[in-house]
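A.B. asks: What follows is a structure written as structure tokens; I'll ask about it next.
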Amino acid sequence: MEIIKRNYLSKLNNNQKEAIINLDGPCLIVAGAGSGKTKVLTSRVVHIIKEKKAWPNQILCVTFTNKAAKEMQNRISTSLNEKVSSLPWLGTFHSVCAKILRRHAEAMGLNSKFTIIDQEDQLRLIKNICKAENIDVKKIAPKFILSFINQWKNKGLLPENVIAKKDVPLERAILNVYKYYQERLKILNSCDFGDLILLCVTMFESNKDILELYLNNFKYILVDEYQDSNYIQSKWLNLLAQKRKNICCVGDDDQSIYSWRGAEIRNFLDFSKTYKNTKVIKLEQNYRSTQNILSAASGLISKNTDRLGKKLWTDSKDGDLVNLNCYRNGRDEAIGISDIIENKLKKKYSLNNVSILVRAIFQTREFEERFLKIGMGYRVVGGTKFYERAEIKDSVAFLRIVNQKYDDLAFERIINIPKRSIGDTTLKLLHDYGRINKKSLEDSSFDLLQQNKIKPKAKTGLIQILNLFEKWRLDLKEKKHYELIEIILDESGYSKMLKDKKDLESEGRLENIKEFIRGMHDFDNLQGFLEHVALATAIDKDWDGEKVNLMTMHAAKGLEFDVVFLPGWEEGLFPHQKSLEEKGDLALEEERRLAYVGITRAKQESYISFVMSRMYRGDWVDSLASRFIDELPDKNIRKEEVRNQNSEDFFFDQDIDYSKGIKSPGYARLQKKLNDKIK
């Protein structure tokens, strides 16, 4: 009873309290959309500390995004009324693994200053390997090779563990690239994202003494969004939880929508099999949406068979019925939705709380054109991230090479920016020498300069930049990292290069660099800042002003809006035909989960729509309402019979046997009216 009186438990429902106070042994919290899972997770951490079950540094709390980690950190800090330094191990899988690897880097043949490379650097490295191995990148794209490597790493397979299919020469060639890729990463003293978890697991399995350190340290393990975990992430958790088994995983099997990233829903569904005597607690009370929205979503997702099962409810009002609209085509759909926003919703809600969620990104074009025409503000969420802009990546590359000389990918990016007459021929010479002698490009440069094998023009530029590298490394010992980058950009000529162009684009890039430098002040040192850049996952967008949000349903997971529009619910587009052809029923269930995620983003009003025909590759093709529309409970739906100018009435009645299969190039190409019966 004394525990229940804790102030951080006072405003929670009974199931939430149960999830917080049952600390010992394995626990699976099935948290429905909007059921307050973040509050439960953070309160559980606070409870462990308040009850003196463990010191903060004996608690491991893992999330999937930096944004979620930061929010949890702030909530825990506020509840404990203590500074960040006293908080638990809290971060993404990748950031926690990076922290552990840096502590024991030598065990994996690295030093603690290893660089974490991004996708662009990965692709550049693969291209270099392909050139050296005479692999035609036009026939086997580096992105295709990288997708194989990422899949192998997600499955916990280093090159020596991969068994390539003998009858698939392409796979054997990719495995060969994978071997060279890993060798090269070690020479560069670098890791990619997949390595952070894979090498951590490998280190634990081959160094029992290191594993024992963490088995003894971590008394409690908490995991957010466990339904999104892949094989190697689950294995890492199982290794760390094997001693005490005080592992608590929170998630929602009905929101598992990332199998294309390697997420394994079986990790969640089979948790009770992995850990005997698991306590399963379901959070079904929703604090976000009206009952009609929840009932519509629950009715739809109940058609899935591969789920633990739950039913969302709320003690708030029933709210408006979910609106179901049919339009003649995509253009009319955009006009109809913009009219609803303009004439009805703007009076009740901020545009920032109105969102249009699409299945495929191409669907946004017609909405963008419509909004531009009528002057309605909008933002496309999911554009170029701040740290992926060219001028920012260049600045980061300068800092990376100053941080450690083995970072060939950073060296290659900025060695000729601004122009120093160091072209592809010189770079190839450096690469060839480095590969043969197992040296970095910087060390190779010194050797070849001493041997007088660099052409005069390139020699001058190379000597100049190498001297600057050495100077900047000395500057770093005396200057702050944010002071150093200003010195680097001035002395390298990069700032002058942008200023001399004197155009709007260059002015914008200079402004971005200023913002970049301002952001560096938030970090204590260069290493910490570079780690942040490497691990950053948040989308940086301008959220100022009243704007309608346009994004994919995948991008909307974890967000909420007063009003949500879900256009394009047509067979073949949603559920997506390609997904169905590749994975069949498994894909259909995931597509249905995606529909569930889309509906449950709405707090007050939800609008679902489909069209009679849509433009596909320059041709108009007839479409058919998605099977998901048939699966929505009638009592929670309002069917709007939409009459467009010069068009017939459209109706929703359909009786279709989907098991026969619907083939289409992009969505259902059926020359049928909605009220036709197809057997």
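The values are calculated or read from the model by the stated rules, or taken from the named source; none is laboratory data. Note that the structure is predicted; figures quoted are calculated from it, not measured. Cβ: placed from backbone, ideal geometry, glycine included. Neighbour counts: every protein chain shown. Remember, those area values only see protein heavy atoms, side chains included, never the ligands or the DNA or RNA. Shrake-Rupley method; radii C 1.70, N 1.55, O 1.52, S 1.80 Å.
A.B. asks: State all residues of the range 592-612 that are assigned to a helix (DSSP H, G or I) and open to solvent by 10 Å² or more (accessible area, probe 1.4 Å); if no residue qualifies, say none. Before you say what the answer is, go through the steps one by one.
C.D. replies: Of the residues in the range 592-612, the ones assigned to a helix (DSSP H, G or I) are 592-599.
Listed by number, the residues that qualify are Arg592, Arg593.
A.B. asks: Quick check: is even one residue across the range 467-483 surrounded by 14 or more Cβ atoms within 10 Å (Cβ to Cβ), assigned to a helix (DSSP H, G or I) and touching a Lys or Arg at 6+ places or on another chain (Cβ under 7 Å)?
C.D. replies: Scanning the range 467-483 turns up no residue that is surrounded by 14 or more Cβ atoms within 10 Å (Cβ to Cβ), assigned to a helix (DSSP H, G or I) and touching a Lys or Arg at 6+ places or on another chain (Cβ under 7 Å).
A.B. asks: Under the condition of being part of a loop (DSSP other than H, G, I, E, B) and over 24 Å from the mean Cα position of the chain (by Cα), which residue from the range 365-412 is surrounded by the most Cβ atoms within 10 Å (Cβ to Cβ)?
C.D. replies: The selected residue is Asp407.
This table checks each residue for (1) in contact with a Gly (Cβ under 8 Å, 6 or more places away or on another chain); (2) within 30 Å of Phe362 (Cβ to Cβ); (3) assigned to a loop (DSSP other than H, G, I, E, B).
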| residue | (1), (2), (3) |
| --- | --- |
| Lys276 | no, no, yes |
| Ile281 | no, no, no |
| Asp306 | no, yes, yes |
| Gly319 | no, no, yes |
| Asn325 | yes, yes, no |
| Ile335 | no, yes, no |
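A.B. asks: Mind listing just one residue for me: the one in the range 238-296 that is farther than 24 Å from Thr202 by Cα and among the β-branched types (Val, Ile, Thr) and, of those, surrounded by the most Cβ atoms within 10 Å (Cβ to Cβ)?
C.D. replies: Among them, the one singled out is Ile293.
A.B. asks: Of the conditions (1) under 19 Å from Ala33 (Cβ atoms); (2) open to solvent by 50 Å² or more (accessible area, probe 1.4 Å), Val564 fails just one. Which one is it?
C.D. replies: Among (1) under 19 Å from Ala33 (Cβ atoms); (2) open to solvent by 50 Å² or more (accessible area, probe 1.4 Å), the lone unmet condition for Val564 is (2).
A.B. asks: Next up: Let me confirm something: among Lys50, Lys67, which residue is open to solvent by 30 Å² or more (accessible area, probe 1.4 Å) and over 30 Å from Val533 (Cα atoms)?
C.D. replies: Checking each option against the conditions leaves just Lys50.
A.B. asks: Hand me the list of helices (runs of 4 or more DSSP H) wholly inside the range 164-229 holding 2 or more residues that are closer than 17 Å to Trp89 by Cβ.
C.D. replies: Working: elements: 169-187, 193-206, 208-217.
In the range 164-229, the matching helices (runs of 4 or more DSSP H) lie at 193-206, 208-217.
To keep it simple, each residue is scored yes or no on (1) modelled with pLDDT of 95 or more; (2) among the small types (Gly, Ala, Ser).
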position	(1), (2)
Thr600	yes, no
Lys603	yes, no
Ala625	no, yes
Asp630	no, no
Lys635	yes, no
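A.B. asks: Quick check on the range 351-364: of everything there that is in a helix (DSSP H, G or I) and of a type in the set (A, V, I, L, M), which residue is most open to solvent (accessible area, probe 1.4 Å)?
C.D. replies: So, considering only residues that are in a helix (DSSP H, G or I) and of a type in the set (A, V, I, L, M), the one most open to solvent (accessible area, probe 1.4 Å) is Ile361.
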